[in-house]
Amino acid sequence: MSSAPGLVRGEDGRDRCWWGASTPDYQVYHDTEWGRPVRDDQAMYERLTLEAFQSGLSWLTILRKREGFRRAFAGFDIDAVAAFGVEDVARLLADAAIVRNRAKIDAAIVNARAAQRMREAGESLAELVWSHQPDVSSPPPRSAEDLAAVTAESKALARELKRQGFTFVGPTTVYSTMQACGVVNDHLAGCWVR
C-alpha cells in the first residue's frame, strides 16, 4: 500500500522509501543503516569498497554477500587489506562468497593503501568524505525523481579521492557512498527513518 509518492507503507505501518520495503534484506538495511552517519575510517572504507563492487550490479547482490566480503577482506581492516599480495588476490578471485571481479579486487587493495597513506599523513578518509557534505538546508527529496546520481560535491570528492590515489571512485559510486554513510540524507520526505 502506498502512502505518498515514492513511499511504501510496510506491514508494520511505517512509511519507507519505495525500495526499503521491496525485500526483507532491503528493509533491514534501509531501517538500520542506510543514511546513518558513518564517521570512522574503517567503516567508511567498507562502504566505499562495497559501493565500488556494486557498480553494474544490484545492491541486493552486494548486501547478500556482505558477510562474505567481510571475511574475505579481513573485516575491512585497512592495514590488513593494504598488505594483501598476489596470493590474496588469487584467493579472492576464487572466493564465491564475494563478487569475483579482478579490477574491483585490485581497487579495494589500492584504496586500502591510499587510506593507509592518508592516515600516516595525519589525514582521515572519513573526514575527507564528510568535508564534501552538501548544504543540509535544502528540502528533502519527495520522490525517486528528486534524487541525484551525481552532484557537484560527489564530483569534487571523486577528484580528491583520485588525487589521493584511490581508484574505482567515480562520482556516481562516491555519491552512493555519501548516501550510505549519511553524508547526504536522501530518505524521502515522509519516510519514518528521515
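The values are calculated or read from the model by the stated rules, or taken from the named source; none is laboratory data. As the structure is a prediction and not an experimental result, all values here were calculated from the model. Ideal geometry is used to build each Cβ from the backbone, glycine not excepted, and the neighbour counts take in all protein chains shown.
Listed conditions (1) among the aliphatic types (A, V, I, L, M); (2) in contact with a Gly (Cβ under 9 Å, 6 or more places away or on another chain); (3) at pLDDT 95 or above are all met by VAL169, apart from (2). Restricting the search to segment 119-148, which residues are small (Gly, Ala, Ser) and over 22 Å from ARG163 (Cβ atoms)? Residues satisfying the conditions are SER137, SER138, SER143, ALA144, ALA148. Scanning segment 119-143 for residues that are out of contact with any Leu (no Cβ under 8 Å at 6 or more places or on another chain), over 30 Å from ILE78 (Cα atoms) and either hydroxyl-bearing (Ser, Thr, Tyr) or in a helix (DSSP H, G or I) (or both) yields SER137, SER138. Within segment 167-194, restricting attention to residues that are under 19 Å from VAL38 (Cα atoms) and of a type in the set (A, V, I, L, M, F, W, C), the residue that is surrounded by the fewest Cβ atoms within 10 Å (Cβ to Cβ) is VAL193. Taking the criterion of being surrounded by fewer than 17 Cβ atoms within 10 Å (Cβ to Cβ) and part of a helix (DSSP H, G or I), the residues of segment 43-62 that qualify are ALA43, LEU60, THR61. ALA149 - would you say it is among the small types (Gly, Ala, Ser), assigned to a loop (DSSP other than H, G, I, E, B) and within 18 Å of the chain's Cα centre (by Cα)? Judged against the criteria, ALA149 is a match. Looking only at segment 23-49, residues that are in contact (Cβ under 8 Å) with a residue 12 or more places away in the chain, farther than 17 Å from VAL184 by Cβ and out of contact with any Phe, Trp or Tyr (no Cβ under 9 Å at 6 or more places or on another chain) come to 5 in all.
For beta carbons closer than 9 Å, sequence separation of 6+ or different chains, a first residue in segment 139-154 that is polar (S, T, N, Q) and at pLDDT 90 or above and a second that is assigned to a helix (DSSP H, G or I) and exposed (fewer than 15 other Cβ atoms within 10 Å of the Cβ), there are no qualifying pairs. Just one of the listed residues (VAL86, VAL28, VAL8) is under 17 Å from ALA112 (Cα atoms) and hydrophobic (A, V, I, L, M, F, W, C), namely VAL86.
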